[in-house]
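The values are calculated or read from the model by the stated rules, or taken from the named source; none is laboratory data. Everything numeric in this text was worked out from a predicted model, so none of it was measured. As a convention, Cβ positions derive from the backbone with ideal geometry for all residues, glycine included, and neighbour counts pool all protein chains shown. Accessible surface areas use protein heavy atoms only, side chains included; no ligands, DNA or RNA. Shrake-Rupley method; radii C 1.70, N 1.55, O 1.52, S 1.80 Å.
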Amino acid sequence: VSNYQKDMGLTSDGVAGRDTLSSLGLWADVVRGIDISDYQTGIDWDLVWGSGISFIVIKASEGATWKAQQFPNHYLGAVSTGLRVGAYHFAKIEGNTPYNELHNFIEAVGSRTLSGPIALDLEVSLGTPPEENLMWVESWLSGAAKHFKTVPYVYTSNRIITQSFGDGKGLEKYPLWTPRYPVQPLNINPWKQWNIWQYTNKGMVAGISGDVDMNYMAI
């Protein structure tokens, strides 16, 4: 990427951003956002709002029982600035039913209004059969769609799909949120394109101490 940028007279930062992808005819209009969890504390939300961030997705729960302690505070702070706010659930799957994990997520979110994406985070390799894993995920996603009245995202990578979900057939009806640093992701089967690209886990955002996951959302 850096070499291509140099050849094209672009800023050589190694990131396949707007200018680089536009030169290839591959750019889609995007907005920039972040995702955070309990690792981020003491956030100055006024500074975050002034940093050009449009949306935020906050970790709300994990597995069948764990709830993020910082989720209520993160939500209030983000909402107070006018950011679009979403929430995600980190799936454990093995040993849990999709209904127990969905119930945990619903409890964690409570009556809060989510104006941003909701997502199921799939990043654990599983030892259970792919067809069982796909049925589990479909049950969670369809239940979440019904409860929240919006189509949930799937956060995952090509490695996890290949290892634990076979061809992943059926998941493509849900929008894809995928990480790849720093090059734009391609060929994440069964999807033809990404909807949110987590392009770094080493971002810096005013008002937040330490590294932050940065994302582009196609609009």
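Would you confirm whether any residue within segment 158-173 is open to solvent by less than 20 Å² (accessible area, probe 1.4 Å), part of a loop (DSSP other than H, G, I, E, B) and farther than 19 Å from Phe90 by Cβ?
Kept after step one, since they are open to solvent by less than 20 Å² (accessible area, probe 1.4 Å), are these residues of segment 158-173: 160-161, 164-165, 168, 171.
Still in the running and part of a loop (DSSP other than H, G, I, E, B): 165, 168.
Now narrow it down to the ones that are farther than 19 Å from Phe90 by Cβ: none.
Scanning segment 158-173, I find no residue that is open to solvent by less than 20 Å² (accessible area, probe 1.4 Å), part of a loop (DSSP other than H, G, I, E, B) and farther than 19 Å from Phe90 by Cβ, so the answer is no.
Taking Asp35, is it more than 25 Å from Ser164 (Cα to Cα) and of a type outside the set (A, V, I, L, M, F, W, C)? Outline the logic, then answer.
Numbers: more than 25 Å from Ser164 (Cα to Cα): no; of a type outside the set (A, V, I, L, M, F, W, C): yes.
Spelling it out, it is not the case that Asp35 is more than 25 Å from Ser164 (Cα to Cα) and of a type outside the set (A, V, I, L, M, F, W, C).
For segment 111-134, give me each residue that is closer than 17 Å to Pro72 by Cβ and either of a type in the set (A, V, I, L, M, F, W, C) or open to solvent by less than 40 Å² (accessible area, probe 1.4 Å) (or both).
Leu114, Gly116, Ile118
What's the number of the condition Val183 fails, among (1) of a type in the set (Val, Ile, Thr); (2) in a strand (DSSP E or B); (3) in contact (Cβ under 8 Å) with a residue 40 or more places away in the chain?
(2)
Report whether or not Asp7 is modelled with pLDDT under 95, outside any loop (DSSP other than H, G, I, E, B) and in contact with a Leu (Cβ under 7 Å, 6 or more places away or on another chain).
Numbers: modelled with pLDDT under 95: yes; outside any loop (DSSP other than H, G, I, E, B): yes; in contact with a Leu (Cβ under 7 Å, 6 or more places away or on another chain): no.
Considered against the rule, which asks whether it is modelled with pLDDT under 95, outside any loop (DSSP other than H, G, I, E, B) and in contact with a Leu (Cβ under 7 Å, 6 or more places away or on another chain), Asp7 comes out as no.
Residues of segment 16-51 being open to solvent by 40 Å² or more (accessible area, probe 1.4 Å), at pLDDT below 85 and under 19 Å from the mean Cα position of the chain (by Cα), which ones?
Ala28, Asp29
With the structure loaded, tell me whether Glu94 is among the charged types (D, E, K, R), over 14 Å from Ile34 (Cα atoms) and either over 18 Å from the mean Cα position of the chain (by Cα) or at pLDDT below 95 (or both) or whether it fails that test. Please lay out each step first, then the result.
Details: among the charged types (D, E, K, R): yes; over 14 Å from Ile34 (Cα atoms): yes; either over 18 Å from the mean Cα position of the chain (by Cα) or at pLDDT below 95 (or both): yes.
Considered against the rule, which asks whether it is among the charged types (D, E, K, R), over 14 Å from Ile34 (Cα atoms) and either over 18 Å from the mean Cα position of the chain (by Cα) or at pLDDT below 95 (or both), Glu94 comes out as yes.
Find the residue count for segment 203-219, including only residues that are closer than 15 Å to Tyr155 by Cα and either touching a Phe, Trp or Tyr at 6+ places or on another chain (Cβ under 8 Å) or open to solvent by less than 10 Å² (accessible area, probe 1.4 Å) (or both). Break it down stepwise before answering.
Filtering segment 203-219 down to residues closer than 15 Å to Tyr155 by Cα leaves 213-218.
This time we only want the ones that are either touching a Phe, Trp or Tyr at 6+ places or on another chain (Cβ under 8 Å) or open to solvent by less than 10 Å² (accessible area, probe 1.4 Å) (or both), so: 214-218.
So the answer is 5.
When segment 186-219 is examined, which residues are found to be in a strand (DSSP E or B) and among the small types (Gly, Ala, Ser)? Reasoning before the result, please.
Filtering segment 186-219 down to residues in a strand (DSSP E or B) leaves 196-203, 212-218.
Answer for segment 186-219, where residues must be in a strand (DSSP E or B) and among the small types (Gly, Ala, Ser): Gly203, Ala218.
Which residue is surrounded by the fewest Cβ atoms within 10 Å (Cβ to Cβ), if the candidates are limited to segment 55-84 and must be modelled with pLDDT under 95 and outside any helix (DSSP H, G or I)?
Among them, the one singled out is Gly82.
Being charged (D, E, K, R), part of a helix (DSSP H, G or I) and over 12 Å from Ser61 (Cβ atoms) narrows it down to one of Glu123, Glu101, Glu107, Glu131, so name that one. If you could, list the steps in order and put the result at the bottom.
On the way: Glu123 fails: part of a helix (DSSP H, G or I); Glu101 fails: over 12 Å from Ser61 (Cβ atoms); Glu107 fails: over 12 Å from Ser61 (Cβ atoms).
Result of the check over Glu123, Glu101, Glu107, Glu131: Glu131.
Only one of Leu76, Leu102 is free of Cβ contacts under 8 Å to residues at least 24 places away in the same chain and not β-branched (Val, Ile, Thr); which?
On the way: Leu102 fails: free of Cβ contacts under 8 Å to residues at least 24 places away in the same chain.
After ruling out the rest, the residue left standing is Leu76.
Determine if segment 143-153 includes at least one residue that is assigned to a helix (DSSP H, G or I) and open to solvent by 60 Å² or more (accessible area, probe 1.4 Å). Give the derivation first.
We begin by selecting, within segment 143-153, every residue assigned to a helix (DSSP H, G or I); these are 143-148.
Okay, now just the ones that are also open to solvent by 60 Å² or more (accessible area, probe 1.4 Å), so 146-147.
Yes, segment 143-153 contains a residue that is assigned to a helix (DSSP H, G or I) and open to solvent by 60 Å² or more (accessible area, probe 1.4 Å).
Being at positive phi, exposed (fewer than 14 other Cβ atoms within 10 Å of the Cβ) and in contact (Cβ under 8 Å) with a residue 12 or more places away in the chain, is that true of even one residue in segment 190-202? Steps first, answer last, please.
Here is the first cut: in segment 190-202, the ones at positive phi are none.
Checking segment 190-202: not a single residue is at positive phi, exposed (fewer than 14 other Cβ atoms within 10 Å of the Cβ) and in contact (Cβ under 8 Å) with a residue 12 or more places away in the chain.
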